[in-house]
Amino acid sequence: MSSFIIRRLLQALLVLVLVSILVFFVIRMLPLDPITLYVIGTGNMDEEQIKFLKHQYGLDKPLYVQYYDWISKVVRGDLGQSLYYKDSVNTLLAQRIPITMYLGITSMIISISVGITIGMLAAIRRGKWLDNIVSPLSVVLICIPSFLLGIFLIFIFGMKAHWLPFYDLVLPWQNFGLSIRQVIMPAICMSALGLAMNARQMRSSMLEIIRQDYVRTAWAKGLTERAVILKHALKNSLIPVVTLVGMGVGVVFAGAVITETIFSIPGMGRMFVDCIRGQDYVVVQDLALVFGTVILLVNLMVDISYSWIDPRIRYN
Amino acid sequence: MAIETSNAATLMEIAPRVSEFRRFMRVFFKRWVVVIGLAILLLIFIAAIFAPWIAPYDPYKIATGAALEQPSAKHWLGTDRIGRDSFSRVIYGSRTALEVGFITVAIASIIGILLGMLAGFSGGWFYIIIMRAVDTLMCFPGLILFMFLSAVLGNGVRNVIIALSIGTIAQYVRVMCGLTLSLKQNDYIMAEISIGAGSFRTMLKHILPNAFPPLIVLMTMQLGTLILAEAALGFLGMGIVPPMAAWGSMVNDSYIYLQTNPWLCFAPGIAIFLVVFAFNMVGDGLRDALDPRLRGLI
C-alpha cells in the first residue's frame, strides 16, 4: 500500500511540474508578450510604460529565468499582480474562492446524494415508474448545455414566477435565508450533469451487484430489503461511483465558469472569463495552474482511496 | 482439391459477413430513441447543406428598423437586436456547428489514434513520454482547457478548431493506447509478428481495424461534446464571435433581452441540445450494434 502511494505521489509531482511548464509556455506562444497585449488592449500605447512594466514583471529576462521566477514565487504562495483588477492575485482569489467553493460544495452535495439515491432506487425498482423517468431524464440532463438550463431556470422561476432571486449572491454567513434561496438555481445548473452521470453509473453498477451470489444469500437468510440493499449491495456498487465523484470536481470548475457568468456571481470561474476577455494573461496563467493543480490533487486522492477500497488496483 | 478448399474458405468467409451487416442494422434500428437521433441528424444535415434555400432571409442582413420583433408569420423566431432574422441565423448556425465538429474530430482523432497506437505498440520510453503528456493535458477540465487555448489562439473558426483539437487529442491517445495494449495480447498479432510482418503492417492491417468499433463510438459521441464546447465558448464571448452565425454566440448576443424576447435565446439553445442529443443517441446505438458480445447471437 505505502509503495503504491509513494509511486503515485512521485508520478503526480512530475505531472504537476509538466502542468506548470505547459501553462507557462502556452502563454508564451502569444504573438506578443502579455504586458504589451494588455497595454494595447487598454488603448493607450506608451513605450515608456510598457518598458517599465516589462521590467517590473521581469519579461526582459530569458525564458527559463522567467519560468523560474514565476514558479518559485508560486511555490512560496505569491501569485503576482493582476493588471486588469489592479490588485494582487492572492487578494482576488481570497475573495473569490469562498464563493466558488460555496457553489461547488452545494452542487456536489446535490449531485452525489440525489444522484446516488435516484440511481439506487431506479435499479431496485427496475422497470417501475421511477426507472422509466430516470433514464430519459439523465440523457436530457447530460445533453442540455448548462447555459441553456440556467437561462430556462432564470426565465421560469426568476422572471415569470418571481419565486427565486437570481442576482447579487450573498454568502450564507451574511444572510442565511436569502443565500439559500439564491443558491438554488446556480446549484441546480452546476449539479445537473454530475447528478445525471452519478445516477446512471449507480443504476448500472447496482443492477450488476444485486445479481451477485452474496446478495442472493442475504435474501435467502431472510434479511429485509432495507438490510440487503443498504448493508450488502450499496457498499460494493459505490466503487465505480467514486471515480465519477472525482471527475465531479472538474465538472464543477467547468460549470462554475458558465454558471457564474449567467448568474453574474463574482467567483473564480467569472474571474477566469473576465481575465481572458480583458487580456490579463498573468492571471489567466495563474488560474490555469490553480485549476490544473486542484484536479491533479483530487485525482490523486481518488486513486489512493480507490486502491484502499478495492485492493486489486494496487497491483496493476 | 485446391478448388474445393478455396470454395469452402470463401463460403466460410462470406457467410458471416452478410449476417453481420443485417445484425448491425437490426440492433441499430431497434431502439426508437436511436431512430429519433438519426432523424434529427438528417434534418440538421439538410438544414446545413441547403441553408441558402431554406432560410427565408439573409442571416447577415441588418435591419435596424425591424429590431427585436416578436415571433410572427413573417419572422418565425423574431429578429435580434439589429434586426437579423433569428430563424435564418439558426439555420445557418447548423453549418458552423457541423463544420467545427467534423473538422475537429477528424484532426484530433487522426493525430490521437496514430500517437496512441505507436505508444501502445512500441512501449518503452515513447510510451512513458506520451502517457505523461496525456496526464498533463487531462489535468484540466475540458472547458477550462478549451478556454485557455482559445485565449491564446484568439477568435475565429480556424482558431476554435485548433483549440478544440489540441484539447481533445489526449482522449484519443488514451483510448487508442489502451486498445492497442489489449489487442497486442491476441494470438493472431503474435502469429503475424512471428511470420515476419513489420510493425507498421501489423499496426495498420490488424490493430487499427480491430480497434475501430470503439473508436467510431467515441468519435460520434465526441461530435456532440465538441459542438457543445464550441457553443459554450461562443456563449462566453470567445471562439466564434458575431456577426458569424453560431448558436453559442447567438445566445450570448441576446441574453440581455431574455425578459422581453426569450425565443432569441431559447431557439439556438434548443438547437444545440438537439444536435448533442442526436449524436449521443446515435453513438449509443452504434455501441450496442457494434458490441462484439452480441456477435453471432442475433
Check: Got at least one residue in the stretch B:83-101 being surrounded by 20 or more Cβ atoms within 10 Å (Cβ to Cβ), among the β-branched types (Val, Ile, Thr) and either within 14 Å of another protein chain (Cβ to nearest Cβ) or under 30 Å from B:ARG201 (Cβ atoms) (or both)?
Finding: yes
Next item on the list: Kindly provide the set of residues from the stretch A:235-261 that are in contact with a Gly (Cβ under 9 Å, 6 or more places away or on another chain), open to solvent by 10 Å² or more (accessible area, probe 1.4 Å) and aliphatic (A, V, I, L, M), ordered by number.
Entry: A:LEU244, A:VAL245, A:MET247, A:VAL249, A:VAL251, A:VAL252, A:ALA254
Margin query: Within the stretch A:139-151, take every residue that is within 20 Å of B:ALA97 (Cβ to Cβ) and open to solvent by 10 Å² or more (accessible area, probe 1.4 Å) and give me the one that is nearest to the other protein chains (Cβ to nearest Cβ).
Written below: A:ILE144
Check: Failed condition for A:ILE40, given (1) within 14 Å of chain B (Cβ to nearest Cβ); (2) open to solvent by 60 Å² or more (accessible area, probe 1.4 Å); (3) modelled with pLDDT of 80 or more, with all others met?
Finding: (3)
Notebook entry, point to check: Within the stretch B:214-246, how many residues turn out to be part of a helix (DSSP H, G or I) and either facing chain A (nearest Cβ under 9 Å) or in contact with a strand residue (DSSP E or B) (Cβ under 6 Å, 6 or more places away or on another chain) (or both)?
Noted result: 5
Checklist line | All positions within the stretch B:113-148 that are polar (S, T, N, Q) and touching a residue at least 60 places away in the same chain (Cβ under 8 Å) | finding: B:SER122
Notebook entry, point to check: Across the stretch B:21-57, what is the total count of residues that are in contact with a strand residue (DSSP E or B) (Cβ under 8 Å, 6 or more places away or on another chain) and loosely packed, with under 14 Cβ neighbours inside 10 Å?
Noted result: 1
Checklist line | Yes/no for A:ASN198 being open to solvent by 20 Å² or more (accessible area, probe 1.4 Å) and part of a helix (DSSP H, G or I) | finding: no
Notebook entry, point to check: With B:ALA197, B:ALA211 as the choices, which residue is of a type in the set (A, V, I, L, M, F, W, C), over 22 Å from A:LEU18 (Cα atoms), away from every other protein chain (no Cβ under 14 Å) and not in a helix (DSSP H, G or I)?
Noted result: B:ALA197
Notebook entry, point to check: Under 6 Å by Cβ, and 6 or more places apart or on different chains, what pairs join a residue from the stretch A:30-57 that is among the hydroxyl-bearing types (Ser, Thr, Tyr) with one that is open to solvent by 30 Å² or more (accessible area, probe 1.4 Å)?
Noted result: A:TYR38/A:GLN279
Check: So which of B:ILE166, B:ILE216 ends up being open to solvent by 20 Å² or more (accessible area, probe 1.4 Å), closer than 25 Å to A:GLY292 by Cβ and within 19 Å of the chain's Cα centre (by Cα)?
Finding: B:ILE166
Next item on the list: Examine the stretch B:156-168 for a residue that is within 14 Å of chain A (Cβ to nearest Cβ), hydrophobic (A, V, I, L, M, F, W, C) and either out of contact with any helix residue (DSSP H, G or I) (no Cβ under 8 Å at 6 or more places or on another chain) or farther than 20 Å from A:TYR281 by Cα (or both), and state whether such a residue exists.
Entry: no
Checklist line | Boolean, B:ILE272 is assigned to a helix (DSSP H, G or I) and either within 11 Å of chain A (Cβ to nearest Cβ) or buried (at least 23 other Cβ atoms within 10 Å of the Cβ) (or both) | finding: yes
Next item on the list: Keeping to the stretch A:274-288, report how many residues are in contact with a Gly (Cβ under 8 Å, 6 or more places away or on another chain) and at the interface with chain B (Cβ under 9 Å from one of its Cβ atoms).
Entry: 2
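The values are calculated or read from the model by the stated rules, or taken from the named source; none is laboratory data. Model, not experiment: these values are computed from the prediction. Reconstructed Cβ throughout: ideal geometry from the backbone, glycine too, with neighbour counts over all protein chains shown. Areas reflect the complete protein model, heavy atoms only, side chains present, ligands, DNA and RNA absent. Shrake-Rupley method; radii C 1.70, N 1.55, O 1.52, S 1.80 Å.
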